[in-house]
Number of protein chains: 2
Amino acid sequence: MTTTEDRTHVGAGIDAVTAVARRLLPEAGVITDRTRLRTYECDGLAHYRVTPALVVIPEDDAQVAAIVRACAEHGVPYVARGSGTGLSGGALPHAEGVLVVTSRMRAIREVRREDQRAVVEPGVINLDVTKAATPQGYYYAPDPSSQQICSIGGNVAENSGGAHCLKYGFTTNHVTGADFITPDGDMVALGGAAPDAPGYDLLGAVVGSEGTLGIVTATTVRLVRLPEEVRTILVGFESTDQAGAATSAIISAGIVPAAIEMMDALAIEAAEAAVHCNYPDGAGAVLVIELDGARVEVEEEYAEVARLCEDNGSFEQRLATDAVDRALIWKGRKSAFAAVGRISPDYIVQDGVIPRTALPEVLRAIAELSSSSGVRVANVFHAGDGNLHPLVLFDDAVEGAGEAAEQVSGAILDLCIEHGGSITGEHGVGMDKAKYMPRMYTDEDLDTMQLVRCAFDPGNISNPGKIFPTPRLCGEVPGRHKAAHPLQQAGLAEVF
Amino acid sequence: MTTTEDRTHVGAGIDAVTAVARRLLPEAGVITDRTRLRTYECDGLAHYRVTPALVVIPEDDAQVAAIVRACAEHGVPYVARGSGTGLSGGALPHAEGVLVVTSRMRAIREVRREDQRAVVEPGVINLDVTKAATPQGYYYAPDPSSQQICSIGGNVAENSGGAHCLKYGFTTNHVTGADFITPDGDMVALGGAAPDAPGYDLLGAVVGSEGTLGIVTATTVRLVRLPEEVRTILVGFESTDQAGAATSAIISAGIVPAAIEMMDALAIEAAEAAVHCNYPDGAGAVLVIELDGARVEVEEEYAEVARLCEDNGSFEQRLATDAVDRALIWKGRKSAFAAVGRISPDYIVQDGVIPRTALPEVLRAIAELSSSSGVRVANVFHAGDGNLHPLVLFDDAVEGAGEAAEQVSGAILDLCIEHGGSITGEHGVGMDKAKYMPRMYTDEDLDTMQLVRCAFDPGNISNPGKIFPTPRLCGEVPGRHKAAHPLQQAGLAEVF
């Protein structure tokens, strides 16, 4: 009975939001048909699937604000979705909620050469920002492997990284302002064009908050000047140990390449089979190293990088001779995730971070995990900043194989935490890793985060169920002063 | 009667906190003597003076946590203070509260060359971080003019900048982790060694929150490698217009110097009188430009900078020949604030930001303000990132002069806002600029910030009265969903 009543209630809320959407949006922007709703049931992490109750495709900020306001009024949850390429289930719909799809908000509103900024809408494709800025001599630096299809809105929600974040930083380092719709439908301005703004840096808190604080409808991003010179080098090693040592040697020498990417033998095999990238035969590991900057500087750094790789045992080095050659080297790396499909029917893309200095040790531990469990693991990663992407291979047709893979995948995160790293480098927590949060954070840490969420979203309607392991109503989060401190309870408050 | 009762109540709270402090801290760490309390009555902005009810000087995190916990229990406000060099009254004490002075927490706990990090306590002097890192080939980049005396805790609270922030970014770009005492005395870990952490970026929100969210007791900072080559050039121009045009030309050419500082004729006169820095005779403006990086790159950039300055009318260029010469050039710039005392009995240090492209226009408008009001204004500033520091000169012995100076100073902030800038670049809002916040932010913006403050500090005890123009009790901040939206009240919700 309760279930039915609840459904009716939810149904009424959804009906009300649908009515608002129908009044404001073009017909094609309101989807209620079950079959069409199902096409939105997952993002890039197809492991979780939920059909939303309603999909809306707004065309401007005012429409987004009106939809959110209607959701707030009727207590209906909503989830924002860009291109749906996320790998942590951050854009997984809510069964009783609205999915706000930003694919029709694709205007690049401004490209301002004089202060190196662009203002873009959330549905704009990452690579399109660079395309718009290139004629003026600039580009947008954060470059997820999915940059040809992923959207800036999703990048902002997940604080996305990419190969070139080693030198240039993550999305959060490139976002200087945003128009932001709070969970009650107010539009507020965060940050701005000036290098610093007074008051709290809420822009920083919003970037990477995975849609749980509200929806960003316009983002001001920093543009970076195209470098005078780029050199891309493919370096073959016998082992990941050698490649890891070379990486450490380069960074310790004070050189910060635009990118240092590593792939192990299994990843190379997959990429070779898929895109024929012509990586060195018999390599136990390759590094893709890219240097950029002033020509004179790149030349000097190149000589040193070449020497350091040789000192650490490289058996082959290939400098890209032209743009086509460079693109081929990168193609091997950027298609590695998908390429793994050539050598395994199923796989899990893991995402974790370790201090760069722990690379050799953690890679050895992953190899041991793999050999003791019989689960194959291919390693593709941003070596320069210690951001691992182990690909855990399995065949779902084999009984128990999925579980075994999940177990190895989780154990890799444990390794990351043990070595002082993190459970995600750039893919986010989303649905998938909420359960791992208590391994990184104490209850006090998580409560502090939840208090911030409640400040923005006391009704828990903005992408509920993501990030936090135990979703609670805001009244349940121990507020400051509301609960006695554990030490006070134990009568120890006065001695500490 | 009410007043007396309130005082008694406050007195009891202070007595309880004093008792906790006496039990935990060494005798010298608890100050209750009126005369000694008065020595803490202001920070670098001596315009505001308040004697605190109690000063404590804790020696470790646990003591800070215990003091804060006692404050929370008894509803006593507290203010953290580092070296007290702040220029916005951010560390102004509370008359009925505790001043937590961090000057005995001065340990540099770690300098880790291998991952370019240092872990420092809040009382550590800014320049001492660099001194500790230099033997290993590194330094700490953010460099306020007060770096010889200001503390890292204060830098974190105010998100301090400095001359070299043009290339290297503000404090927030160099803090990767913190131990943080919440206003109920819990210690939580923010950020960490990994480049990104899951969950909300509360570290970013805490940096620059001016002590209103809690107290940072240990900070992990990024170290930057000492550059191979540094070149410092002093360039004389006839006018600030020319110097501004040269600045724009350099940045537009894609060169990002470590610093581009500008001083106008009046500032040069003051610096010359105070420190004999040997700046070019008869200059209407000078630029101090510093280039750093790989030798080959610096050489190439130097040639281009020299040419661009000449193209824009420089009449003299002097390249520092050695470290002593470089130090002298910088001495003129870094002592400019204090030096102004040589040419004026009193002055206001203003701090505002404008887009760099608006420099010539705003400088001309400031000159007009000055000539129409008869109030002299010396301009010293970080030209590269448009961060102005107009010094508004007056003689307090002349009736009405202080008010006239205040008026000009405020009008300069209006100019900054009109040109899309900000009311503070690096000195913070503190006590001094809270009244200007509504000129930059809407009520919704400020309420969103206050909701975050209330999440951390519902009792309003952590540095109360700073940043926000109209301090409110947390119950008074319109919570999301609690108040009807203005458009709903007007019956317009459905059309927007």
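The values are calculated or read from the model by the stated rules, or taken from the named source; none is laboratory data. Just so it is clear, the structure is predicted and the values come from calculations on it, not from any experiment. Reconstructed Cβ throughout: ideal geometry from the backbone, glycine too, with neighbour counts over all protein chains shown.
For (1) β-branched (Val, Ile, Thr); (2) modelled with pLDDT of 95 or more, each residue gets a yes or a no:
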site	(1), (2)
B:Arg318	no, yes
B:Phe337	no, no
B:Ile348	yes, no
B:Val353	yes, no
B:Val362	yes, no
B:Ala365	no, yes
B:Ser371	no, yes
B:Gly386	no, no
B:Ala405	no, yes
Residues of segment B:15-63 being touching a helix residue (DSSP H, G or I) at 6+ places or on another chain (Cβ under 9 Å), in a loop (DSSP other than H, G, I, E, B) and under 19 Å from B:Lys466 (Cβ atoms), which ones? B:Asp43, B:Arg49, B:Thr51, B:Pro52, B:Ala53
When A:Ala270 is evaluated against the numbered criteria (1) in a loop (DSSP other than H, G, I, E, B); (2) at pLDDT 90 or above, which criterion, by number, is the only one it fails? (1)
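Condition test on A:Ala327, is it touching a residue at least 60 places away in the same chain (Cβ under 8 Å), assigned to a helix (DSSP H, G or I) and small (Gly, Ala, Ser)? Show your work before the answer.
Numbers: touching a residue at least 60 places away in the same chain (Cβ under 8 Å): no; assigned to a helix (DSSP H, G or I): yes; small (Gly, Ala, Ser): yes.
It is false that A:Ala327 is touching a residue at least 60 places away in the same chain (Cβ under 8 Å), assigned to a helix (DSSP H, G or I) and small (Gly, Ala, Ser).
Taking the options B:Ala189, B:Ala197, name whichever one is surrounded by fewer than 24 Cβ atoms within 10 Å (Cβ to Cβ) and facing chain A (nearest Cβ under 7 Å). Talk me through it step by step, then tell me what you get.
Details: B:Ala197 fails: surrounded by fewer than 24 Cβ atoms within 10 Å (Cβ to Cβ).
Going through B:Ala189, B:Ala197 in turn, the sole match is B:Ala189.
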Sort through B:Ala358, B:Ala411 and tell me the only one that's in a helix (DSSP H, G or I), in the same structural domain as B:Ala258 (by the TED database), modelled with pLDDT under 95 and small (Gly, Ala, Ser). B:Ala358
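Can we say A:Leu287 is within 14 Å of another protein chain (Cβ to nearest Cβ), crowded, with 20+ Cβ neighbours inside 10 Å and either hydroxyl-bearing (Ser, Thr, Tyr) or touching a strand residue (DSSP E or B) at 6+ places or on another chain (Cβ under 7 Å) (or both)? Full working, then the answer.
Numbers: within 14 Å of another protein chain (Cβ to nearest Cβ): no; crowded, with 20+ Cβ neighbours inside 10 Å: yes; either hydroxyl-bearing (Ser, Thr, Tyr) or touching a strand residue (DSSP E or B) at 6+ places or on another chain (Cβ under 7 Å) (or both): yes.
Here the answer is no, as A:Leu287 does not meet what is asked.
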Selected residue (only one of A:Ile255, A:Ile343, A:Ile260 is surrounded by 23 or more Cβ atoms within 10 Å (Cβ to Cβ) and not polar (S, T, N, Q)): A:Ile260
Could you list, in sequence order, all residues of segment A:409-439 that are in contact with a Ser or Thr (Cβ under 8 Å, 6 or more places away or on another chain), at the interface with chain B (Cβ under 7 Å from one of its Cβ atoms) and of a type in the set (A, V, I, L, M, F, W, C)? A:Val429
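From B:Val76, B:Val50, B:Val64, grab the single residue that is outside the structural domain of B:Gly352 (by the TED database), touching a Leu at 6+ places or on another chain (Cβ under 7 Å) and buried (at least 18 other Cβ atoms within 10 Å of the Cβ).
Just one listed residue meets the conditions, B:Val50.
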With A:Ala365, A:Ala383 as the choices, which residue is in contact with a Leu (Cβ under 8 Å, 6 or more places away or on another chain), hydrophobic (A, V, I, L, M, F, W, C) and surrounded by fewer than 19 Cβ atoms within 10 Å (Cβ to Cβ)? A:Ala365
Residue by residue through segment A:66-82, note down the ones that are of a type in the set (Gly, Ala, Ser) and within 15 Å of A:Ile215 (Cα to Cα). A:Ala66, A:Ala70, A:Ala72, A:Ala80, A:Gly82
Matching residues in segment B:82-111 - criterion: being charged (D, E, K, R) and either surrounded by 18 or more Cβ atoms within 10 Å (Cβ to Cβ) or in a loop (DSSP other than H, G, I, E, B) (or both): B:Glu96, B:Arg104, B:Arg106
Can you tell me which residues in segment A:164-184 are within 15 Å of A:Gly211 (Cβ to Cβ) and part of a loop (DSSP other than H, G, I, E, B)? A:Thr182, A:Pro183
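Only one residue in B:Gly208, B:Gly282 is crowded, with 24+ Cβ neighbours inside 10 Å and either of a type in the set (Phe, Trp, Tyr) or part of a loop (DSSP other than H, G, I, E, B) (or both), so which one is that? Spell out how you get there, then give the answer.
Numbers: B:Gly282 fails: crowded, with 24+ Cβ neighbours inside 10 Å.
One residue alone meets the criteria, B:Gly208.
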May I ask you to list the residues in segment B:443-461 that are at the interface with chain A (Cβ under 7 Å from one of its Cβ atoms) and without any contact (Cβ under 8 Å) to a residue 12 or more places away in the chain? B:Glu444, B:Asp445, B:Thr448, B:Ala455
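From the list A:Glu304, A:Glu299, A:Glu310, pick out the single residue that is part of a helix (DSSP H, G or I), at pLDDT below 95 and either among the polar types (S, T, N, Q) or surrounded by fewer than 23 Cβ atoms within 10 Å (Cβ to Cβ) (or both).
Details: A:Glu304 fails: at pLDDT below 95; A:Glu310 fails: at pLDDT below 95.
Going through A:Glu304, A:Glu299, A:Glu310 in turn, just one is part of a helix (DSSP H, G or I), at pLDDT below 95 and either among the polar types (S, T, N, Q) or surrounded by fewer than 23 Cβ atoms within 10 Å (Cβ to Cβ) (or both): A:Glu299.
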For residues in segment B:136-158 being farther than 19 Å from B:Ser335 by Cβ and among the hydroxyl-bearing types (Ser, Thr, Tyr), which is nearest to the other protein chains (Cβ to nearest Cβ)? B:Tyr138
Identify, from the list B:Pro183, B:Pro142, the residue that is modelled with pLDDT of 95 or more, within 17 Å of the chain's Cα centre (by Cα) and of a type outside the set (Gly, Ala, Ser). B:Pro142
Matching residues in segment B:97-123 (within 14 Å of chain A (Cβ to nearest Cβ) and touching an Asp or Glu at 6+ places or on another chain (Cβ under 8 Å)) number 2
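If you check A:Leu203 against the conditions, is it of a type in the set (A, V, I, L, M), under 21 Å from the mean Cα position of the chain (by Cα) and more than 24 Å from A:His389 (Cβ to Cβ)? Can you show your working first?
On the way: of a type in the set (A, V, I, L, M): yes; under 21 Å from the mean Cα position of the chain (by Cα): yes; more than 24 Å from A:His389 (Cβ to Cβ): yes.
So A:Leu203 passes the test.
Being within 14 Å of the chain's Cα centre (by Cα), in a loop (DSSP other than H, G, I, E, B), facing another protein chain (nearest Cβ under 8 Å) and buried (at least 24 other Cβ atoms within 10 Å of the Cβ): is that true of A:Gly161 here?
On the way: within 14 Å of the chain's Cα centre (by Cα): yes; in a loop (DSSP other than H, G, I, E, B): yes; facing another protein chain (nearest Cβ under 8 Å): yes; buried (at least 24 other Cβ atoms within 10 Å of the Cβ): yes.
Yes, satisfied.
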Could you list all residues from segment B:40-62 that are without any contact (Cβ under 8 Å) to a residue 40 or more places away in the chain and touching a strand residue (DSSP E or B) at 6+ places or on another chain (Cβ under 9 Å)? B:Ala62
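Does B:Leu492 qualify as being over 30 Å from the mean Cα position of the chain (by Cα), modelled with pLDDT under 85 and surrounded by 15 or more Cβ atoms within 10 Å (Cβ to Cβ)? Walk me through it before giving the result.
On the way: over 30 Å from the mean Cα position of the chain (by Cα): yes; modelled with pLDDT under 85: yes; surrounded by 15 or more Cβ atoms within 10 Å (Cβ to Cβ): no.
The answer is no for B:Leu492.
Quick grid of which residues meet (1) hydrophobic (A, V, I, L, M, F, W, C); (2) touching a strand residue (DSSP E or B) at 6+ places or on another chain (Cβ under 6 Å); (3) more than 30 Å from B:Arg295 (Cα to Cα):
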position: B:Ser160; (1), (2), (3): no, no, no
position: B:Phe180; (1), (2), (3): yes, yes, yes
position: B:Val188; (1), (2), (3): yes, yes, yes
position: B:Ala218; (1), (2), (3): yes, yes, yes
position: B:Phe237; (1), (2), (3): yes, yes, no
For segment A:344-396, how many residues are within 12 Å of chain B (Cβ to nearest Cβ) and either of a type in the set (Asp, Glu) or at positive phi (or both)? 3
